[in-house]
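**Q** Here it is, the structure in full.
The values are calculated or read from the model by the stated rules, or taken from the named source; none is laboratory data. As the structure is a computational prediction, the values presented were derived from the model and not from experiment. All Cβ positions, even for glycine, are placed from backbone atoms using ideal geometry, and neighbour counts span all protein chains on display. SASA here: full protein model, heavy atoms, side chains in, ligands and nucleic acids out. Shrake-Rupley method; radii C 1.70, N 1.55, O 1.52, S 1.80 Å.
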Amino acid sequence: MPTKTTMPSRCPACAQDLVLVDAAAVSWCPACRWNLDVYDPALAPWRGTTMIGRWGFRRGLELDRATHEELLADPEVRPTGPSPGEVWLVAVSVVLTLIGVAAVGYLGWLVVADALPPGVRLVLAIPAVLVLLLVKPSFGRVPRSGVIAEREAPQLHRLVREVADAAGTPVPDVICADLSINAGVARLGLRQRSVLVIGIPLWLMLPRPARVSLLAHELGHLANGDPLRVRRTLPARAFGARAVAATGGRNPWRRTLHAANALAEQRSGTTVLLGMAVHGVLALVNVAGATAQLLVDSVAMPDSRRAEYRADLIARRVAGTGPFLQSSETVLLAGRIWQDLWHLAPRLSSEQLEPTAAETRQHLAGHLPLARQLSRRTTDLWSTHPSEDQRMRLIEALPRVDGVLHVDDARWAEIDAELAPWHRFAHHVLLGTRDRF
């Protein structure tokens with residue numbers, strides 16, 4: 001019988017101890033990175049089969065390498081026009097939009113078709129309604145809660161304007177805050193207003209100079225026109241995911257078997273067969289939607305990843321190399337920092353969250369090298385963002401710069417005072433309450 005091969009406990013290249021983060025994971029050497037760029041099904045996003053996941057991992061690494069070479073050769077390069085992927089997605093979006101228009105026209109014809117009985121018209125309308133649900137336009141909605149008006153936070157708005165001027169981007173129309181460990185920018189509503197969203201937990205965890213880097217990165221997407229490109233291609237990007245969500249999400253065949261078992265226990269044979277047929281059709285639609293979404297994302301996500309790199313270069317130019325790297329390091333540790341704050345929250349006031357997060361970040365600094373390498377194992381063609389390791393490697397390969405925008409401690413104190421209500425809100429969430437300030 002063939003014997004099962006086992007991984008060595010020491011690196012064959014440099015004899016250092018290997019790292020194994022999980023019993024099902026693949027070990028690697030943290031010193032020389034031996035075996036790091038290997039597909040690890042325990043850590044990589046699941047894409048239906050191991051074969052597809054492994055291909056996506058390798059393709060993602062190849063794409064990152066090619067993008068690094070392109071941007072290192074000319075860090076100031078900007079897209080001169082739509083990429084082939086964007087052209088393809090726009091074409092698909094136009095076709096889907098035309099299908100939606102045809103469905104609306106078809107429904108209008110059914111309304112005035114007096115020759116057909118109402119019951120027949122209702123049945124004939126179902127396919128058109130389902131088509132509209134998959135291809136309907138979605139402009140998003142500008143948040144009504146969490147909006148930070150300029151009269152409430154003039155120093156924060158001033159800082160955002162200065163970052164926008166330094167980055168060469170439009171000033172966002174709306175600034176919002178929420179309680180996510182994230183930040184983002186988008187164009188929402190019929191008027192396509194630009195909205196900057198700041199996650200207060202992440203804001204609290206970041207060193208102050210790194211907050212400038214965060215803002216510059218997000219506003220950099222406006223300079224590159226990324227939200228507009230996403231909006232133009234949204235029908236193509238969304239219809240597959242909508243089909244999957246409408247038919248129950250992941251594991252459609254498992255749901256079909258469970259439903260058949262449940263029907264077999266309580267119903268007659270005819271009912272079981274009809275139920276299996278319905279669930280079988282839903283599963284087929286689910287698989288078709290998932291496959292279509294995977295194909296669309298294969299085209300869309302490379303552009304999305306390049307956009308992240310270009311926004312990183314803007315953040316480096318505005319805030320400097322050091323603050324950018326600090327922001328990436330904080331993102332890598334954010335989950336652990338937030339967990340520690342959760343444990344400490346009953347003994348803290350909202351004013352102590354920021355200094356406590358800084359102490360925790362410093363205490364966890366020893367975990368950074370491993371966390372950074374671990375992020376590389378999550379590389380995937382269909383991810384919207386490159387891994388933090390890849391993003392940091394690009395900035396580290398460029399000459400260090402100090403940045404063009406610096407904010408003194410007095411102004412940061414004023415900004416923190418303006419955001420004090422949100423700090424209290426974050427503290428309430430850590431305490432597990434639902435209090436509102």
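**Q** Among the listed residues Glu162, Glu150, which satisfies the condition of being open to solvent by 60 Å² or more (accessible area, probe 1.4 Å) and within 22 Å of Ala186 (Cβ to Cβ)?
**A** Glu150
**Q** Let me ask something else. If you check Gly432 against the conditions, is it without any contact (Cβ under 8 Å) to a residue 12 or more places away in the chain and either touching a Ser or Thr at 6+ places or on another chain (Cβ under 7 Å) or closer than 30 Å to Pro41 by Cα (or both)?
**A** no
**Q** Now a separate question. Any idea which of Pro79, Pro2, Pro41, Pro84 is under 20 Å from Trp382 (Cα atoms), open to solvent by 40 Å² or more (accessible area, probe 1.4 Å) and modelled with pLDDT under 85?
**A** The match here is Pro84.
**Q** If I ask for residues that are at pLDDT 95 or above, surrounded by 17 or more Cβ atoms within 10 Å (Cβ to Cβ) and not basic (Lys, Arg), which ones from the stretch 391-404 would you list?
**A** Of everything in the stretch 391-404, those that are at pLDDT 95 or above, surrounded by 17 or more Cβ atoms within 10 Å (Cβ to Cβ) and not basic (Lys, Arg) turn out to be Met392, Leu394, Ile395.
**Q** Quick check on His385: is it open to solvent by 70 Å² or more (accessible area, probe 1.4 Å) and within 19 Å of Ala216 (Cβ to Cβ)? First the steps, then the outcome.
**A** Values: open to solvent by 70 Å² or more (accessible area, probe 1.4 Å): yes; within 19 Å of Ala216 (Cβ to Cβ): yes.
Judged against the criteria, His385 is a match.
**Q** Just give me the residues in the stretch 44-58 being modelled with pLDDT of 85 or more and hydroxyl-bearing (Ser, Thr, Tyr), in sequence order.
**A** Thr50
**Q** Same structure, new question: Of the numbered conditions (1) open to solvent by less than 10 Å² (accessible area, probe 1.4 Å); (2) closer than 21 Å to Arg141 by Cβ, Leu179 fails exactly one; give the number of that condition.
**A** (1)
**Q** Further question on the same structure: Only one of these conditions is not met by Leu431: (1) open to solvent by 70 Å² or more (accessible area, probe 1.4 Å); (2) closer than 30 Å to Leu313 by Cα. Which number is it?
**A** (2)
Here is a yes/no grid of residues against (1) touching a residue at least 40 places away in the same chain (Cβ under 8 Å); (2) in contact with a helix residue (DSSP H, G or I) (Cβ under 8 Å, 6 or more places away or on another chain); (3) open to solvent by less than 90 Å² (accessible area, probe 1.4 Å):
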site	(1), (2), (3)
Thr50	no, no, yes
Thr67	yes, yes, yes
Asp74	no, no, yes
Leu110	no, yes, yes
Asp114	no, no, no
Val123	no, no, no
Leu134	yes, yes, yes
Val142	yes, no, yes
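**Q** Looking only at residues in the stretch 405-428 that are open to solvent by 40 Å² or more (accessible area, probe 1.4 Å) and farther than 18 Å from Ile200 by Cβ, which one is nearest to the chain's Cα centre (by Cα)?
**A** Per the criteria, the residue is His406.
**Q** Which count do you get for residues in the stretch 203-242 that are in contact with a strand residue (DSSP E or B) (Cβ under 7 Å, 6 or more places away or on another chain), closer than 16 Å to Ala311 by Cβ and open to solvent by 10 Å² or more (accessible area, probe 1.4 Å)?
**A** Residues in the stretch 203-242 being in contact with a strand residue (DSSP E or B) (Cβ under 7 Å, 6 or more places away or on another chain), closer than 16 Å to Ala311 by Cβ and open to solvent by 10 Å² or more (accessible area, probe 1.4 Å): 6 in total.
**Q** Could you check, for the stretch 355-371, whether at least one of its residues is open to solvent by 40 Å² or more (accessible area, probe 1.4 Å) and of a type in the set (Asp, Glu)?
**A** Within the stretch 355-371, one or more residues are open to solvent by 40 Å² or more (accessible area, probe 1.4 Å) and of a type in the set (Asp, Glu).
**Q** Across the stretch 321-353, what is the number of residues that are more than 30 Å from Trp28 (Cα to Cα) and either among the hydroxyl-bearing types (Ser, Thr, Tyr) or surrounded by fewer than 19 Cβ atoms within 10 Å (Cβ to Cβ) (or both)?
**A** 10
**Q** I'd like to check something: does the stretch 198-214 contain any residue that is of a type outside the set (Val, Ile, Thr) and over 25 Å from Gly322 (Cα atoms)?
**A** Kept after step one, since they are of a type outside the set (Val, Ile, Thr), are these residues of the stretch 198-214: 199, 201-211, 213-214.
Those left that are additionally over 25 Å from Gly322 (Cα atoms): none.
There is no residue in the stretch 198-214 that is of a type outside the set (Val, Ile, Thr) and over 25 Å from Gly322 (Cα atoms).
**Q** Which of the helices (runs of 4 or more DSSP H) contained wholly in the stretch 196-251 include at least 2 residues that are in contact (Cβ under 8 Å) with a residue 12 or more places away in the chain and small (Gly, Ala, Ser)?
**A** It comes to 208-224, 234-246.
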